[in-house]
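> Dropping the structure in here first, questions after.
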Amino acid sequence: MKKISIAIDGPAGAGKSTVAKKVANELGFLYIDTGAMYRALTLKAINENIDLHDEDQLNKCLLRNPIQFEIDQHIQRVKIGTTDVTEAIRTPEITKQVSLVASHAKVRETMVELQRRLAKEGSVVMDGRDIGTNVLPNAELKIFLTASIEERAHRRYLEMTKNGYEIKLEQIVEEIELRDKKDQERTVAPLKQAKDAILIDTSQLSIEQVVDVILSLARERM
Ligand code: C5P
């Protein structure tokens, strides 16, 4: 079977990681969650009292603490250095700060190198903001996943309340809009649809429907 790469990009809350994980499972590909990598660095930097505006210190922190993905009982765990951060990187505090950390050129350079190295290991599904445009410009399949702001905020609301957070829907709308704006307006590798990416609006689709569309597009390329 031919080795292929699938790049899935899109704004916050479009369902990228849920869909990417299922597609990877179905095809037996490696799943690489690049958002988790920026989140892991953000957490480590906060714990080490690093100023999140300090590009050099952030990059040194990343070089000192390599990020790894490990599978444990079918669940993908994220580690930075020796610390398992799988759950800790999903808190609202990290979500609020991660776009600042991800805006620095040096940090992105190191991350992209790491991501490309991971992608060389075999067939991958990689999700993020700049995968189709920057990390894997030659990916065989590029998807840009989006949904209306109402739908994305609603999904995030359900996920957060399920995990015990007390939060208002309007607050989530504001946070998502702000994060998307930061990700779209940064100078280095901003969030945007690659010219050759296929746009899928998931507002009216179930997860299974989205997964099926991507699987059939992937199989055409294998
Ligand atoms: O996908 P997730 O919401 O976990 O991503 C968290 C943040 O990491 C994004 O809002 C963005 O600032 C950053 N990110 C990025 N480039 C990627 C993946 C994520 O800048 N490829």
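The values are calculated or read from the model by the stated rules, or taken from the named source; none is laboratory data. Only a predicted model underlies this, so the values are computations on that prediction, with no experimental measurement involved. Ideal geometry is used to build each Cβ from the backbone, glycine not excepted, and the neighbour counts take in all protein chains shown. The accessibility values were calculated without ligands, DNA or RNA, using every heavy atom of the protein model including side chains. Shrake-Rupley method; radii C 1.70, N 1.55, O 1.52, S 1.80 Å.
> What range in the chain is the longest one free of trypsin sites (Lys or Arg not before Pro) that are in a loop by DSSP and have at most 13 other Cβ atoms within 10 angstrom?
Looking at the chain, 4-167 is the longest stretch - no exposed trypsin sites (Lys or Arg not before Pro) with at most 13 other Cβ atoms within 10 Å.
> Which one of 1, 210, 153 is farthest out on the positive end of the charge dipole of the chain, using unit charges on Cβ (Lys, Arg +1; Asp, Glu -1) and the Cα centre as origin?
Among 1, 210, 153, the one farthest towards the positive end of the dipole of the chain is 1.
> What residue among 161, 95, 146 shows peak mean-square fluctuation when the chain is described by a Gaussian network model with Cα springs under 10 Å?
Its mean-square fluctuation being the largest, the pick is 161.
> Indicate the gyration tensor shape class of the stretch 33-153 (rounded, prolate or oblate), computed on the Cα atoms with a ≥ b ≥ c the square roots of the eigenvalues: a/c under 1.5 is rounded; otherwise a/b larger than b/c is prolate and the rest oblate.
Taking the square roots of the gyration eigenvalues as a ≥ b ≥ c, the stretch 33-153 is rounded.
> Now a separate question. Tally the DSSP beta bridges in the chain and give the antiparallel ones as a percent, rounded to 5.
Taking every DSSP beta bridge within the chain, about 30 percent pair in antiparallel fashion.
> Further question: Whole number in Å², please: accessible area per residue of the stretch 135-206, 1.4 Å probe, ligands, DNA and RNA not counted.
Dividing the accessible area of the stretch 135-206 by its residue count gives 62 Å².
> Between 67, 172, 46, which gets the highest mean-square fluctuation from a Gaussian network model of the chain, Cα cutoff 10 Å?
In the Gaussian network model the winner is 46.
> A further question on this structure: Return the calculated 222 nm mean residue ellipticity for the chain, to the nearest 500 deg cm²/dmol, obtained by summing -39500 (n - 2.57) across DSSP H runs with n ≥ 4 and dividing by the residue count.
Using -39500 (n - 2.57) per qualifying helix, the result is -15500 deg cm²/dmol.
> Let a ≥ b ≥ c be the square roots of the eigenvalues of the Cα gyration tensor of the stretch 74-222; is it rounded (a/c under 1.5), or, if not, prolate (a/b larger than b/c) or oblate?
It is rounded, given that a/c, with a ≥ b ≥ c, falls under 1.5.
> Which longest run of the chain has no exposed loop site in it, a site being GluC sites (Glu not before Pro) in a DSSP loop with at most 14 other beta carbons within 10 Å, and the site itself not part of the run?
Within the chain, the longest run free of exposed GluC sites (Glu not before Pro) spans 167-222.
> What dipole magnitude, in Debye to the nearest 20, does the chain give about its Cα centre under +1 on Lys/Arg Cβ and -1 on Asp/Glu Cβ?
560 debye
> Give me the distance between the Cα centres of the stretch 108-127 and the stretch 163-197, rounded to whole Å.
Measuring centre to centre over Cα atoms gives 22 Å.
> To the nearest 10 Å², what's residue 188's accessible area with a 1.4 Å probe?
Looks like 50 Å² after rounding.
> For the chain, modelled as a Gaussian network with Cα springs under 10 Å, which listed residue fluctuates most, 13, 81, 164?
Largest GNM mean-square fluctuation: 164.
> In whole percent, and with a 1.4 Å probe on the protein chains, what portion of the accessible area of the stretch 110-222 is carbon and sulfur?
50 percent
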